[in-house]
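As structure tokens, the structure follows; a few thoughts come after it.
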Amino acid sequence: MDNLIYSKKMLSLIILVLLSTGLFAADVFTADDLLRLRTVSDVKLSPDGNYIAYTVRVPRESFDKPGSAYSELHIIDIKTGKIRPFIIGDAQVNSIDWSPDGALISFLTNRNDEGTQVWGVPVDGGEARMLTYADNGVLDYQWHPSGKEIIYTSEEPPTDREKTLKDKGYRFIYYEGDWKHDNLYIQEAGNELAFPVQLTENITISYFMLSPDGKTIAMAGAEKNLIDYRYMFRKIYLMNINGKKIRPLSKNEGKLGNFAFSPDGKNLVYTAAVSQKDHAVSQVYIIPVNGGEAKNLTPVDFKGHVTWASWKNNETVFYMADEGVNVTLSLVNIKSGKREVILNSSDNEVIIGKPEFSKDFKLFAFLGNTPYSASEVYTWRPKSGIKRMTDTNPWINEKSFGRQTVLKYQSDDGWDIEGLLIKPVNYQQGEKYPLIVFAHGGPESNYSNGWLTHYSTPGQVLAGRGYTIFYPNYRASTGYGLEFAAAGYGDPAGKEFDDIKDGIDYLINLGIADKDRVGLAGGSYGGYAAAWFGTYFTEYVKAVCMFVGVSNLISKRGTTDIPYEELYVHSGKKLEEMWDISLKRSPIYYAHQSKTAFLILGGENDTRVHPSQSIELYTRLKMNHHPAVRLVQYPGEGHGNRKQPGRIDVLYRTLDWFDWYVKDGKPLDGEMPPLDISDKYGLQLPE
């Protein structure tokens, strides 16, 4: 018996040693796991507070027809916790809502070649039926409080003349000249014989809300149906639903967020930028519906960014904000301006999304994610706390993850910078590891302390491969107040990317990162960071992955679909006034000195950061005899990959690139990783 006990102890000790040294492989989170991960994408609480409808995004298999993830509909009985799948399989259920009486769950989908319409499925079971009959499909919708009608937005349909010209081959592209307005319509729900009534014209409506009595519509309107106008020039307008007369309400300059009527319909709360040059929605305001000046309810010198707002009651506004790597929910009295934080993700380790809440304010439902769990459904009762309601990926609980922590350090010029660090699985104190830095886009964005692993930023996959991963919230990030956010204004790639450099130095000095094995990746503005580090800061990184990134600030300003947004909230001056800095803050200017392996990836149809940005950098590197540069473009994809083939390729190609040059330290002038990685796609291919 003593020998048996001794043998068991020795076996346990051996296993512990093997695990700690990494010789006994843990069941880590892999690239294949990431590609099969399901995520909850939308949550709606029923009017009576008894049910939650939610959608689940289901990734397509590699062999499926190329497309975005499927979207299924499920319902939770809150009292019992029982989940009922409603619409599953190869479904596309989007923009879910409840009818005012709670009898139907409505959603947008395209069935039977009718275009995208509002459909409804009975909660008690039965077939879904079409509720709208828009000639040109539905973009967004809301139920009228009566439950008898649906208000929706739709792009103005083509005329018979335009259809004939197109059929005959005379449909040309008039750049930013042939757009049509997104108009507002109202239609009796489910009545095919009731023609839609157009409510607006000569203005593009991108967001709207009905007053509680259903008599007034608040609308976000812009002069033109262009993405730049949606970004920068929207104002709030009011319209009587019967009289159709539109009058302006807000005088906001710059970016506009959401808005909502007070329960008595007398006031409107809205989120917006503080000024035209504020690069993100950051403040919460109220304004009387009958007209008057807007009142800013945001705390003075708020070290965060307000992202969404609604009402608890007629006297109290309810808003959500990013504060550093956390998310908060707060109440503020509209008269006193006193703020009360009622929920903080730092207290419960759940990064919360936009909440749904009951009329008595005692029950909340929202999406939530954690460092080790992707998006799920949560409820919160202020008296009893947060409760997770779904377990969409039960298998993930058996996986080993790298530990995620908040990292704080100081920049060279004394600013406090924050980020998130994922240590390798089976991390050993004192050992130096290869480091991968993921720079976020925007730069009007930030990393929250939740789930960070996605197809182009596969943090936990890399942690399972023995990497340390760093996600910096560099200057110009949101969530740290207006001064922090504005630090990059007129100073592209300046203090912003210096903060990332300082973070790398900090991790090297801590002894966590190996200075000779560092890589960096990012998309969009993060792709700009990748290009900057691969050229200007080339001594810092062995390899970079630039995804839909910027390489030439001069040509970027002439090829993007948001030139006004770029001018007003980033550069601050017209290009003619800043030729020199635009050139010298462009990675192509330093391409000749690059000693970094360059993987350049992007969508062939990207209108935000034109594909020419990738081609320019590739060409400049090639013409300077760079030995390790590769450019891959994805047909049919825009600013980020939507379909599964492109996502699969970006994931595996990025991992291969970093393993090759960063982890394994292959020479820059040697052989590059295989171009053909189709054996990793999960397809049955001929030899």
task: Would you mind stating whether residue 68 is within 23 Å of the chain's Cα centre (by Cα), closer than 22 Å to residue 367 by Cα and assigned to a loop (DSSP other than H, G, I, E, B)?
output: yes
task: Name the single residue, out of those in the range 262-273 being under 22 Å from residue 441 (Cβ atoms) and of a type in the set (A, V, I, L, M), that is surrounded by the most Cβ atoms within 10 Å (Cβ to Cβ).
output: 272
Any strands (runs of 3 or more DSSP E) falling wholly within the range 453-560 and containing at least 1 residues that are surrounded by fewer than 20 Cβ atoms within 10 Å (Cβ to Cβ), out of contact with any helix residue (DSSP H, G or I) (no Cβ under 7 Å at 6 or more places or on another chain) and assigned by TED's automatic domain parsing to the domain that holds residue 438: 513-523
task: Go through the residues of the range 664-684 one by one and say whether even a single one is closer than 27 Å to residue 610 by Cβ, loosely packed, with under 13 Cβ neighbours inside 10 Å and in contact with a strand residue (DSSP E or B) (Cβ under 8 Å, 6 or more places away or on another chain).
output: yes
message: Being in contact with a Leu (Cβ under 8 Å, 6 or more places away or on another chain), more than 30 Å from residue 182 (Cα to Cα) and either among the aliphatic types (A, V, I, L, M) or touching a residue at least 60 places away in the same chain (Cβ under 8 Å) (or both) narrows it down to one residue among 241, 334, 236, 286; which is it?
response: 334
message: Yes or no: the range 506-522 includes at least one residue that is under 30 Å from residue 224 (Cα atoms) and modelled with pLDDT of 95 or more.
response: no
task: Kindly indicate the residue of the range 375-389 that is at pLDDT 95 or above and surrounded by fewer than 21 Cβ atoms within 10 Å (Cβ to Cβ) and also nearest to residue 463 (Cα to Cα) among those meeting that condition.
output: 388
message: I need the full set of residues from the range 53-82 which are among the β-branched types (Val, Ile, Thr) and touching an Asp or Glu at 6+ places or on another chain (Cβ under 8 Å), in order please.
response: 55, 56, 58
message: Here's a check for you: in the range 75-91, which residue that is in contact (Cβ under 8 Å) with a residue 24 or more places away in the chain and assigned to a strand (DSSP E or B) is surrounded by the fewest Cβ atoms within 10 Å (Cβ to Cβ)?
response: 77
message: Taking the condition of being among the acidic types (Asp, Glu) and free of Cβ contacts under 8 Å to residues at least 24 places away in the same chain, how many residues in the range 92-124 meet it?
response: 3
message: Checking the condition in a loop (DSSP other than H, G, I, E, B), of a type outside the set (Lys, Arg) and touching a residue at least 12 places away in the same chain (Cβ under 8 Å), which residue from 402, 419 passes?
response: 402
- request: Return only the number of the condition from (1) surrounded by fewer than 21 Cβ atoms within 10 Å (Cβ to Cβ); (2) part of a loop (DSSP other than H, G, I, E, B) that residue 576 does not satisfy.
  value: (2)
field: Output for the range 179-189, where each listed residue is assigned to a loop (DSSP other than H, G, I, E, B) and closer than 16 Å to residue 201 by Cα
entry: 179, 180, 181
In the range 654-676, the residues that are hydrophobic (A, V, I, L, M, F, W, C) and either outside any loop (DSSP other than H, G, I, E, B) or not assigned by TED's automatic domain parsing to the domain that holds residue 464 (or both): 655, 657, 658, 660, 662
task: Being on the phi > 0 side of the Ramachandran plot and either aliphatic (A, V, I, L, M) or assigned by TED's automatic domain parsing to the domain that holds residue 197 (or both) narrows it down to one of 176, 149, so name that one.
output: 176
task: May I ask you to list the residues in the range 637-653 that are among the acidic types (Asp, Glu) and either closer than 20 Å to residue 550 by Cα or not assigned by TED's automatic domain parsing to the domain that holds residue 514 (or both)?
output: 637
query: Among 458, 424, which is out of contact with any strand residue (DSSP E or B) (no Cβ under 7 Å at 6 or more places or on another chain), under 21 Å from residue 654 (Cα atoms) and of a type outside the set (A, V, I, L, M, F, W, C)?
result: 458
field: Residues of the range 190-202 that turn out to be loosely packed, with under 13 Cβ neighbours inside 10 Å and either in a strand (DSSP E or B) or not charged (D, E, K, R) (or both), as a count
entry: 3
query: Within the range 161-178, can you find the residues that are part of a loop (DSSP other than H, G, I, E, B) and either under 17 Å from residue 241 (Cβ atoms) or of a type outside the set (Val, Ile, Thr) (or both)?
result: 168, 169, 170, 171, 172, 174, 175, 176, 177, 178
query: Counting only residues that are among the polar types (S, T, N, Q) and either touching a Leu at 6+ places or on another chain (Cβ under 9 Å) or assigned to a strand (DSSP E or B) (or both), which one in the range 29-64 is surrounded by the most Cβ atoms within 10 Å (Cβ to Cβ)?
result: 55
- request: Residues being more than 16 Å from residue 644 (Cα to Cα) and modelled with pLDDT of 95 or more: count how many of those fall in the range 668-687.
  value: 9
- request: Tell me which residues, restricted to the range 133-160, are more than 16 Å from residue 203 (Cα to Cα), part of a loop (DSSP other than H, G, I, E, B) and not small (Gly, Ala, Ser).
  value: 133, 135, 136, 138, 144, 145, 148, 158, 159
query: When you go through (1) under 24 Å from residue 594 (Cα atoms); (2) among the polar types (S, T, N, Q); (3) without any contact (Cβ under 8 Å) to a residue 24 or more places away in the chain one by one for residue 524, which number turns out not to apply?
result: (3)
message: Which condition from (1) modelled with pLDDT of 95 or more; (2) surrounded by fewer than 18 Cβ atoms within 10 Å (Cβ to Cβ); (3) within 20 Å of residue 141 (Cα to Cα); (4) over 30 Å from the mean Cα position of the chain (by Cα) is the one that residue 207 breaks?
response: (4)
query: Out of all the residues in the range 124-156, which are within 21 Å of residue 225 (Cα to Cα), surrounded by 14 or more Cβ atoms within 10 Å (Cβ to Cβ) and not hydrophobic (A, V, I, L, M, F, W, C)?
result: 136, 137, 140, 141, 142, 152, 153, 154, 155, 156
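The values are calculated or read from the model by the stated rules, or taken from the named source; none is laboratory data. These numbers come from a predicted model, not from an experiment. Glycine gets a Cβ as well: all are built from the backbone with ideal geometry, and neighbour counts include every protein chain shown.
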